[in-house]
Every structure is written in C-alpha cells, then in structure tokens.
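Please read the structure below before turning to the comments.
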Amino acid sequence: MKTRKLFWIITKILAVAIGLYPLIYLILDMRTNGLLASKSQELWSSFTYHYSFYIHIFLGAIALLIGWAQFSEKWRVKHLKLHRILGKTYIISVLLSGISGLYIAYYANGGLMAKLGFASLAILWLITTVKAYTSIKNRNIIGHQMWMIRSYALTFAAVTLRLWMPIIPVIFNLEFSESYPITSWLCWIPNIIFAEIIIRRQIQLSPIKKPSHQG
C-alpha cells in the first residue's frame, strides 16, 4: 500500500510539473532553445506547423494535468458531475492534441525512426481515448476504466520523454541526434506495458467484474 501511495504521489508531482512546463513558451522565446532551435525558420513560419505545435503542447498539458485525478474512486463518487466534465475536457484535449501531434511527428528530429515513433504514439493515443469514450457511451464502465488507463499511460509519455532524453545519450554514449529516435519509442512503450500490467492485476483482483470485452 505504501508503494502504491508513493507511486501516485510521484505520478502527480511529475504530471503537474510537466503539465505546467508549456507555460514557459509564453514567457521565453523557445525557438532559440532545445528542440525548436533545430527547426528551420521556414517551418516555424508555417501557419499549420506553428499552431499545430501549440495546440499539441498546451492541450496535451491539460490532459496530463487533469487525467490523473480521474482515477480516484472516492473522488469520482463524491464529485461525479465534475468527473464527467473533466472527462469530456480530457477527451477533447487528447483528440485535438493527438491529431496535431500526428501532424508535427512528420517533422520530428531524428529521421524516419523518430517520426514513426511519435506518429505511432499519436495514433495509439487517439485510439485508446476514443475507445474509452465509446465504452462509457455504451455503459461499459470496466472497459472505460481499462481504456482510460491505457490512454493516460500514453498521455504520460510527455513526462517519460523528458526523463529519458538526458539519460539515453549517457547510457549508450550517443549523440542526441542518435539517441532521439530511441527516445521516441522508449517514451511510450514501457508506459503501455505498465498499463497492461495494472489492468491484468485489476482483473485478477476483481474476477467477478471481469468484462466480456474491453470496449
């Protein structure tokens, strides 16, 4: 129980910290720092890319900030109306952020492997979130919960991306341009595996509630 509580505390702290991070783009000119510094002026001047980027980071941040609160059963029961409002906000945020993320993945640094890594993340993020929505519309509560676990695990890739980015180059002694394609996959694959472990454990602990299908 202590381990589970510690896990959620760390999850909340990281979600809030990274969820607030995009605010820095409103304060500083990030085109001269980090990943954006490698983008061409022509690309950044593109209306589609420019606004897709901001839609992706800010709505993704909203999903990250509000998503973790939805998993508290006591909170859901006590604030059911707010839970539904936040749920709809989360779904809309993910859909818009995911679509824009799929577009900007085409321009990701690191070559084809990085583009495929981020594009795969965006597609799975959209699919799991849509499945979570259709499950609850069909009154499949258990299926909804399972798909939401998967969806938020992919949302949390925003956190794990920033954790892996400085680590991979050190571990494998690689240049950033060489390590980024690895990070584009590593930021979400362990997350979704971990989500499946949580789901299987919940099924084992609640065999009576095991659904005939998962959405």
statement: Too long for a 32 Å Cα-Cα cut-off, among LYS12/LYS88; LYS5/LYS115; LYS12/LYS137; LYS39/LYS131; LYS5/LYS131; LYS5/LYS39, are LYS5/LYS115; LYS39/LYS131; LYS5/LYS39
message: What do you get for the angle between helix 189-205 and the principal long axis of the chain? Use alpha-carbon atoms, 0 to 90 degrees, nearest ten.
response: 0 degrees
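Quickly estimate the mean residue ellipticity at 222 nm for the chain, helices only: each DSSP H run with n ≥ 4 gives -39500 (n - 2.57), and the total goes over all residues, rounded to 500.
Details: 12 runs with 164 residues, N = 215.
Computed ellipticity for the chain at 222 nm equals -24500 deg cm²/dmol.
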statement: Using the Cα gyration tensor of the range 60-123, the equivalent ellipsoid's semi-axes, largest first and to the nearest Å, work out to 32, 10, 7
message: If you consider only alpha-carbon coordinates, what radius of gyration and Dmax does the range 2-209 have, in Å?
response: 17.7, 58
query: Just for the Cα atoms in the range 1-103, what are the lengths along the principal axes, largest first, rounded to whole Å?
result: 50, 27, 23
- line: Sequence order, the range 97-105: Karplus ³J(HN,Hα) from phi using 6.51 cos²θ - 1.76 cosθ + 1.60, θ = phi - 60°, Hz rounded, Gly and Pro as x, gives 5, x, 5, 5, x, 5, 5, 6, 4
field: Estimated vicinal HN-Hα couplings, Hz - the range 178-188 in sequence order (Karplus 6.51, -1.76, 1.60; Gly, Pro = x)
entry: 7, 7, 4, x, 5, 4, 4, 9, 5, 6, 10
query: What nm distance separates the two modelled labels at HIS79 and GLN204, each placed 7 Å from Cα along Cα→Cβ?
result: 3.3 nm
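How much length, in nm to one decimal, is gained on full extension between ILE123 and THR3, taken as 0.36 nm per residue of separation minus their Cα-Cα distance? Provide the component values of the computation, followed by the final result.
Details: separation 120, 0.36 × 120 = 43.20 nm, distance 3.20 nm.
Here the answer is 40.0 nm.
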query: For SER40 and SER177 in the same chain, what is the full-extension length gain: residue separation times 0.36 nm, less their Cα-Cα distance, in nm?
result: 47.7 nm
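Run through every distinct alpha carbon pair of the range 103-215 and return the Kirkwood hydrodynamic radius in angstroms, one decimal place. Each step should come with its number before you reach the end.
Values: mean 1/r = 0.0659 Å⁻¹.
For the range 103-215, inverting the mean 1/r across all distinct Cα pairs yields 15.2 Å.
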message: I'd like the distance separating the alpha-carbon centroids of the range 116-155 and the range 165-183, in whole Å.
response: 29 Å
Per-residue ³J(HN,Hα) for the range 81-88, Karplus 6.51 cos²θ - 1.76 cosθ + 1.60, θ = phi - 60°, Hz, x for Gly and Pro: 4, 5, 4, 5, 5, 5, x, 5
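Rule-based calculations on the coordinates, nothing more; no lab input. Source: prediction; values computed, not measured. Please note: Cβ atoms are built from the backbone with ideal geometry, for glycine as well, and neighbour counts cover all protein chains shown.
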